[in-house]
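To start, the structure itself, in structure tokens.
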Amino acid sequence: MDRRSFLKLSGVAASASVVGACSRTSQNVISFVEAPNDGANPVDGDWFATTCRECNAGCGVIVRTVNGRAKKIEGNAIHPISRGKACARSQAAVQTVYHPERLTTPMLKGAGGFESIGWDKAVDVISQRLTEAEGKLFYLNNGANDASSGIVNEIFGKMDGFLNVGNSEPGFESLVAGGAALAESPRLPFPDLDHAQFAILFGADIFESGPSPVFWGGSFGECRRGRASVRGRLVYAGSRLSSTAAVCDLWLPVPPGKLGLLALSVAQVVVDIIISRKLALTIPRNALGRWSEVLKDYDPEKVAAQLEMPAEYIHKLAIPFVDESPSVAIAGADVTGHVNGVAALDAVEFLNMLSYEIGREKLRIHERLTPEPNEGLKRRITQALGVDHEAQGYKRMVELVAGMEQGKYSMGIISHTNPVFDTPAGLKFKDAMSKVGFTVAVANFMDETAAEATLILPDHHWLEGWSVQNPNFVPGVPVLNLQQPVIRPFVDTRSGSDIILAAAAAAKLKTPAASTEEFVQGKVKQFRAEMLGAPAYLGDEEFFRHLLRNGGWWSSEIENEPTPTPPDSVLWEYRDKLKAPEPEFDGAENPFYLHPFQTVHMGRGQGANNGWLQEAPDPITTLMWQFWVEMNPATAAKLGVVEGDMVKISSAHGSITAPVFPYKGIRPDVVAVPIGYGHTNYGKLATGRGENVMTLLGAKQDTDSGAHAWRAQKVKVEKAQGRMKMLRNAHPEGEYQGEVFQL
Amino acid sequence: MSFSKFSPIAKMVIAFITTAGMGGGVFAAIVYFGPIWLTTWAPAQPIKFSHKLHAGTNKISCEYCHSYARRSEMASIPSADRCVYCHDYIKADAPEIVKVMDHYNGDKPIEWVKVFDLPDHVWFNHKRHIAKDVPCQKCHGPVETMDVVSRTNEFSMGFCLACHQENEAPTDCWTCHT
């Protein structure tokens with residue numbers, strides 16, 4: 001190298017190093033044009049009270065918003081249902097507001113698929129169809145009793161040919177029907193776990209799914225730790241050790257469909273104890289005698305073999321049921337999921353009735369609503385919002401499908417529910433839906449049902465819109481939940497019910513209000529006079545704002561009295577309800593019982609497109625972003641499979657493949673598959689992940705209520721090709737692999 | 001003595017040492033002079049707002065505009081409507097004020113250029129410092145003398161720690177690196 005080139009080279013090197021250090025990216029700080037809410041702090045955030053709408057439990061939540069963005073959802077501490085807690089789905093809802101796959105424009109199906117149309121055109125199209133339909137339409141939602149259902153029912157409810165349908169939580173109608181004779185009016189049974197000393201959960205996965213998991217979770221806390229000297233004891237009877245069962249003290253692996261038998265056997269011992277100890281109860285002695293006679297067939301010695309447990313276990317349930325009073329019996333999916341669900345529930349509620357008589361004054365039953373239950377406030381609110389319990393459930397879905405097949409409906413409105421995905425194959429919902437001329441799907445995301453609709457209306461997220469909600473479960477006091485927008489709409493959506501109002505008005509139909517917000521205010525005004533505890537001196541607008549600050553209205557001023565003893569005639573007749581019919585199974589010739597179950601995250605499948613929920617480890621298996629089938633290690637050994645091996649699970653209705661997860665907490669003759677996976681059209685995160693267990697299920701129904709018997713399916717399980725690496729967060733037996741957590 | 005007279009290996013060694021030395025020198029210059037150079041960072045802003053005129057001559061309190069400083073982690077840049085409170089009628093025809101009104105009336109936020117910033121791994125809470133009566137100028141310098149705001153202090157960890165040590169404020173890691 002010569003000097004010249006050397007100097008050139010080093011000069012370049014030197015300047016290069018200076019240039020590298022020189023660059024600086026400038027950043028901007030963008031202020032508001034108008035500071036929001038003078039006096040409030042837009043920098044650290046404001047909290048707004050509203051109601052979570054991820055399921056129909058109706059939990060009150062508070063949402064922290066910063067700079068107009070929703071940041072965090074927490075339970076509303078003063079709300080009687082959530083009591084300050086919020087579940088995983090509620091917490092993850094902030095993600096769905098800002099989800100990149102949110103629908104942003106109305107879409108009308110044309111020859112070449114969906115095309116975006118403007119809002120005005122959407123209103124025109126709907127109003128045109130409403131005029132043509134002349135009342136022959138159906139409204140299908142997820143069972144919610146809210147402003148949207150209220151508006152639709154006020155417009156169309158009295159028209160000939162209108163049908164209201166709630167695609168509710170499976171087993172809903174069985175819960176209402178079971179033990180109904182012992183109650184004064186239709187209700188969801190909610191025994192008082194908070195104040196109980198001993199509880200038997202009959203297949204009730206209440207802390208993770210069902211009508212009100214957050215409330216039950218709070219009750220569990222109260223039962224265990226809420227009292228200074230009493231720690232409640234819980235026993236779980238069912239086919240699988242769910243995460244609910246995992247927090248109980250004892251798991252009894254009862255054969256599927258036999259929980260009613262167990263309840264009756266426990267009742268037999270309880271009645272025996274009452275008679276032999278001559279306990280002074282309000283129940284007439286001759287009724288006791290009548291029951292004792294019919295329950296003789298359910299003596300533990302006689303049924304222990306069927307229940308696959310020693311007879312003394314049944315005594316060990318019955319004796320504390322009397323001695324550790326107050327005690328409660330709670331029934332859930334393992335009861336309602338069979339054809340004998342209502343019969344089993346009759347037995348469980350019978351146990352509860354006995355328990356209340358034994359522990360009179362000690363228990364406050366939550367289902368007690370108002371002094372005049374039939375005409376009471378709760379019933380009138382329900383009627384005002386349109387969807388009563390008869391409109392909810394599988395039986396009504398079957399009626400809808402039959403109607404669709406017969407061409408009874410010119411159009412349908414489907415709001416925030418995905419029946420094409422979450423109903424059993426045996427119902428054949430998709431085929432029936434294709435026979436309806438015009439369907440409108442009100443949704444936040446494209447899903448399997450929206451894809452089948454004629455027109456899709458992108459709705460506000462529940463954080464962005466108005467509603468009023470009557471929760472299915474009311475904890476001893478009537479509750480009217482309010483849902484208010486906590487942020488401005490993130491994308492150009494409109495409230496679905498506002499569009500329906502506009503279309504109905506354009507079709508010259510009588511509408512209850514000009515907007516959903518007005519409707520909500522109207523409902524508050526309608527019931528204001530009966531809202532005990534609410535300040536009477538406020539004007540209507542201030543009163544409404546006062547309720548919004550709390551998240552709604554509820555009152556503990558209404559006396560929550562102990563359950564009255566049913567009248568003698570009812571008790572006398574109840575003998576006829578004390579029976580345990582055999583369960584029936586679709587595919588009875590197959591060797592394994594299929595146990596589909598809801599997880600906390602996926603619910604019925606709506607959680608699958610949410611990354612936070614996919615990432616949250618399943619409480620039992622710790623699996624994430626993963627689909628699986630649980631089977632007992634003995635079963636796995638017999639099939640010659642280990643964790644991660646693929647197996648094919650099949651029934652007459654279809655088949656799925658799933659990777660095996662050996663799990664000790666399940667009967668060897670049962671395989672469990674989580675619900676909510678296997679979407680075919682629900683966005684990048686959900687589509688193609690796992691398989692849909694609903695495709696294996698037939699359409700068997702409960703003999704009494706018509707509820708879907710979703711645990712009444714038997715299946716074949718065979719080893720299949722391939723393996724999958726299981727994405728686990730931890731070892732399912734715990735850090736010490738069973739040394740601390742003993743199964 | 002000609003460079004070319006050295007052996008090839010010797011030439012390479014000398015070339016390497018020289019380059020390294022020059023590079024090192026440049027680097028040292030940046031490290032030594034850099035802070036001063038960086039703190040004369042006085043970027044041009046979309047609106048020629050003068051703190052000297054408002055906070056100095058007119059003695060308007062810092063917290064009148066930066067109103068969230070005592071209530072929040074962040075001091076916050078005032079919203080456009082804060083300017084409008086006065087300039088709706090004071091010097092409403094001045095060109096810079098017309099620009100502000102255009103932003104306000106057109107609902108367009110003003111995109112200020114950040115002068116004071118901390119890296120993401122540092123958490124600073126204004127509210128606590130104001131509660132302890134730390135004057136704004138302590139960190140931000142004599143802002144009331146500046147027509148265009150510039151950084152007079154280097155926001156290095158040493159700068160923060162020195163004051164924390166002097167005033168017996170917490171110096172454990174989680175205080176700021178939370």
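For A:Arg89, the test of being outside any strand (DSSP E or B), surrounded by 19 or more Cβ atoms within 10 Å (Cβ to Cβ) and in contact with a Ser or Thr (Cβ under 8 Å, 6 or more places away or on another chain) is failed. Scanning the range B:99-116 for residues that are surrounded by 15 or more Cβ atoms within 10 Å (Cβ to Cβ) and away from chain A (no Cβ under 11 Å) turns up just one, B:Met101.
A:Ile200: in a strand (DSSP E or B) and in contact with a Leu (Cβ under 7 Å, 6 or more places away or on another chain), yes or no? So A:Ile200 fits the description; yes. Considering (1) surrounded by fewer than 19 Cβ atoms within 10 Å (Cβ to Cβ); (2) in contact with a Ser or Thr (Cβ under 9 Å, 6 or more places away or on another chain); (3) polar (S, T, N, Q), the lone condition that A:Gln598 does not fulfil carries the number (1).
Within the range A:213-230, not a single residue is buried (at least 22 other Cβ atoms within 10 Å of the Cβ) and at positive phi. Take the conditions more than 11 Å from chain A (Cβ to nearest Cβ), touching a residue at least 24 places away in the same chain (Cβ under 8 Å) and on the phi < 0 side of the Ramachandran plot and apply them to B:Val122. Does it pass? So B:Val122 fits the description; yes.
Checked against (1) free of Cβ contacts under 8 Å to residues at least 60 places away in the same chain; (2) touching a helix residue (DSSP H, G or I) at 6+ places or on another chain (Cβ under 8 Å), A:Arg285 passes all but a single condition, namely (2). Does B:Ile30 meet the test of being modelled with pLDDT under 85, at the interface with chain A (Cβ under 9 Å from one of its Cβ atoms) and part of a helix (DSSP H, G or I)? So B:Ile30 passes the test.
Test A:Pro659 against the stated conditions and say whether it is under 22 Å from A:Gly607 (Cα atoms) and out of contact with any His (no Cβ under 9 Å at 6 or more places or on another chain). Please lay out each step first, then the result.
On the way: under 22 Å from A:Gly607 (Cα atoms): yes; out of contact with any His (no Cβ under 9 Å at 6 or more places or on another chain): yes.
Yes; evaluated as a whole, the condition is true for this residue.
It is to be established whether one or more residues within the range A:223-236 are within 27 Å of A:Thr703 (Cα to Cα), of a type outside the set (Gly, Ala, Ser) and at pLDDT 95 or above. Looking for residues that are within 27 Å of A:Thr703 (Cα to Cα), of a type outside the set (Gly, Ala, Ser) and at pLDDT 95 or above, one finds at least one in the range A:223-236, hence yes. Test A:Phe172 against the criterion of being modelled with pLDDT of 90 or more, crowded, with 24+ Cβ neighbours inside 10 Å and among the hydrophobic types (A, V, I, L, M, F, W, C), and give yes or no. Taking the combined requirement at face value, the residue does not satisfy it. Pairing residues of the range A:552-571 that are among the charged types (D, E, K, R) with residues that are in a helix (DSSP H, G or I) and at pLDDT below 85, at Cβ distances under 6 Å and at least 6 apart in sequence or on separate chains, gives no pairs at all.
A:Arg528 meets the conditions (1) more than 25 Å from A:Arg83 (Cα to Cα); (2) part of a helix (DSSP H, G or I) in every case but one. The failed one is (1). Output the number of residues of the range A:173-193 satisfying the condition of being in a helix (DSSP H, G or I) and over 22 Å from the mean Cα position of the chain (by Cα). Qualifying residue count, the range A:173-193: 2.
Residues of the range B:47-98 that are more than 22 Å from the chain's Cα centre (by Cα), aromatic (Phe, Trp, Tyr) and within 14 Å of chain A (Cβ to nearest Cβ): B:Tyr85 alone.
Taking the numbered list (1) in contact (Cβ under 8 Å) with a residue 40 or more places away in the chain; (2) surrounded by fewer than 20 Cβ atoms within 10 Å (Cβ to Cβ) in turn, A:Asp120 passes all entries but (1).
Yes or no: the range A:262-282 includes at least one residue that is under 35 Å from the mean Cα position of the chain (by Cα) and not aliphatic (A, V, I, L, M). Yes, the range A:262-282 contains at least one residue that is under 35 Å from the mean Cα position of the chain (by Cα) and not aliphatic (A, V, I, L, M).
The values are calculated or read from the model by the stated rules, or taken from the named source; none is laboratory data. As the structure is a computational prediction, the values presented were derived from the model and not from experiment. Every residue, glycine among them, receives a Cβ derived from its backbone with ideal geometry; neighbour counts consider all protein chains shown.
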